[in-house]
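First up is the structure itself, then whatever we jot down about it.
The values are calculated or read from the model by the stated rules, or taken from the named source; none is laboratory data. Please read all numbers here as calculations on a predicted model, not as lab measurements. As a convention, Cβ positions derive from the backbone with ideal geometry for all residues, glycine included, and neighbour counts pool all protein chains shown. These area figures cover heavy atoms from the full protein model, side chains too; ligands, DNA and RNA do not enter into them. Shrake-Rupley method; radii C 1.70, N 1.55, O 1.52, S 1.80 Å.
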Amino acid sequence: MRRAKPQPIRNKLDLTDRTQVRLIKKRLKLSDAELTTIVGRIGNSLSAISKEATLQRAAVLSPPTKVPPAAIIASANGSEPTTPEAVAAAPAS
């Protein structure tokens, strides 16, 4: 009697399948530890894993920019000439 080979679920990650794990780690540029923590926290949905990996990478790559205080910005704007001639000479966009 022939049995059909069970087909994997396409949108879920099977952590027991070494090939799937290796491909997902390579595609998302994750380590073993990062992948297991994401799967433990989020679940084994490939779209959720991909989204979480992207969010983690974005949080690491973009540190907050330093913005000067409002007083410094106001003093810088106040020192520029604001005469009607300067406003009229400025090109309209």
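Report, by residue number, each residue of the stretch 28-39 that is under 9 Å from A53 (Cβ atoms) and open to solvent by 50 Å² or more (accessible area, probe 1.4 Å). Please lay out each step first, then the result.
Step one: filter the stretch 28-39 for residues under 9 Å from A53 (Cβ atoms), giving 28-30, 34-35, 38.
Scanning the stretch 28-39 gives K29, E34.
Out of the stretch 40-59, which residues are part of a helix (DSSP H, G or I) and open to solvent by less than 80 Å² (accessible area, probe 1.4 Å)? Show your work before the answer.
Here is the first cut: in the stretch 40-59, the residues part of a helix (DSSP H, G or I) are 40-41, 46-59.
Across the stretch 40-59, the qualifying residues are G40, L46, A48, I49, S50, E52, A53, T54, Q56, A58, A59.
Looking at the stretch 14-51 only, could you name the residues that are small (G, A, S) and in contact (Cβ under 8 Å) with a residue 12 or more places away in the chain?
Within the stretch 14-51, S45, S47, S50 qualify.
Here are some residues: K25, K5. Which one is open to solvent by less than 60 Å² (accessible area, probe 1.4 Å) and either at pLDDT below 95 or part of a helix (DSSP H, G or I) (or both)? Spell out the reasoning first.
Working: K5 fails: open to solvent by less than 60 Å² (accessible area, probe 1.4 Å).
It is K25.
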